Amino acid sequence: MTATAAENLTERQARILERLSQTQRLDVEPLAEDFGVTPQTIRRDLGVLCERGLARRRHGGIERPAGGHNLGLDERFGLAPGAKRAIAARVVEEIPDGVSLALGIGSSVVAVAESLIVRRDLRVITNNLQVAQVLANHPSADVQLAEGHLRPRDLDVVGSATVAFFARHHVDIAVLGCGGLDAMGLLDFDPEEAAVSRALLAHARQRVLAADASKWGRAAMCRIAPLADIDRLVTDHLPASAEYRDALAAAPLTCDTAL
């Protein structure tokens, strides 16, 4: 994997970046108090994030970079890597040999692809180039890559051709990620991302969402689907919010926690 803006951050800087992925802005003083360090130390950490383009300076703190977009795929790999690996392993525990899979967008789905090395005789369709690269080394996986518009920053393809590709198939299991979650359901940052994810959900017998707990309450403007459209949620921790827990309880889905 190539060097990324999120590579070689300190543990505290990575945790600050993860917090920023869940909100619009962060202030120096609360961060200093939470981490038990001086405001000057936090300002240096925030300076590193801004220099790498992962955040933008604002009076008293930082905010997300302009544009309201998600981080690139390489940067997302740097957020909660342990949780993503644990979630992926839990997803794969319930995937048998010999099934057909649709694997969607995102770093959590790439982690699932890496964990699929323990399964045999898989048929996989995907629009995720990193997934295809991982599975190219699998000893018994047949992989079909969707056509569509290439997004180099995200290492995937999207667009009407991609949606049509998934609509031509009907798989045993679809595994997807999302940009955010709220009480109403799944969210993403781009309408083309959301359209592809809806196509996966519409053409699979079982639908699995792999999403770490940082996705709850994360601001993403495009709605994918309600929670009721998911059969299984695999996460690291369930949300603390009573609103979100009530929404999960009301939806007919299974919740698995990997940690």
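Quick notes on this one:
- Take the chain with all the other protein chains still there, run a 1.4 Å probe, and you get 44 Å² of accessible area per residue.
- Region 129-160 versus region 182-259: alpha-carbon centroid distance in Å: 22 Å
- Debye intensity ratio in log₁₀ form over the Cα atoms of the chain, taken at each q of 0.11, 0.12, 0.15 Å⁻¹: -0.59, -0.70, -1.07
- By the Cα gyration tensor, region 113-237 has an equivalent ellipsoid whose semi-axes, rounded to whole angstrom, run 23, 17, 14 from largest to smallest.
- Sequence of MET184, MET221 when ordered by accessible area, the most exposed leading, probe 1.4 angstrom: MET221, MET184
- Relative contact order (%) - region 180-248, alpha-carbon pairs under 8 angstrom, separation at least six: 44 percent
- Net length gained if the chain between ASP172 and ARG25 were fully extended (0.36 nm per residue, minus Cα distance): 48.9 nm
- Share, in percent, of DSSP beta bridges within the chain that are antiparallel, nearest 5: 40 percent
- Prolate/oblate/rounded call for region 80-127, Cα gyration tensor, a/c under 1.5 rounded: oblate
- Among ALA89, ALA242, ALA211, residue whose mean-square fluctuation peaks in a GNM of the chain (springs only between Cα atoms under 10 Å): ALA242
- Protein-only accessible surface order, largest first, of HIS170, HIS203 at 1.4 Å: HIS170, HIS203
- R0 of 35 Å, Cβ-Cβ distance ALA164-GLU94: FRET efficiency to nearest 0.05: 0.75
- Per residue, the convex hull around the alpha carbon atoms of region 134-202 comes to 116 Å³.
- Helical segments meeting 27 Å axial Cα length and Kyte-Doolittle 1.0 threshold in the chain (DSSP H): none
- The chain - percent of accessible surface contributed by carbon and sulfur, probe 1.4 Å: 50 percent
- Rounded to the nearest 20 debye, the dipole size of the chain about its Cα centre is 320 debye, using +1 on the Cβ of Lys and Arg and -1 on the Cβ of Asp and Glu.
- Rg and Dmax over the alpha-carbon atoms of region 167-259 stand at 12.4, 40 Å.
- Computed over protein heavy atoms with a 1.4 angstrom probe, the accessible surface ordering of SER197, SER160, SER241, largest first, is SER160, SER241, SER197.
The values are calculated or read from the model by the stated rules, or taken from the named source; none is laboratory data. Keep in mind the model is a prediction, meaning the values are calculated, not measured. Positions of Cβ are backbone-derived with ideal geometry, glycine not excepted, and every protein chain shown enters the neighbour counts. Each accessible area value is taken on the protein alone, full model and side chains, heavy atoms only, with ligands, DNA and RNA left out. Shrake-Rupley method; radii C 1.70, N 1.55, O 1.52, S 1.80 Å.
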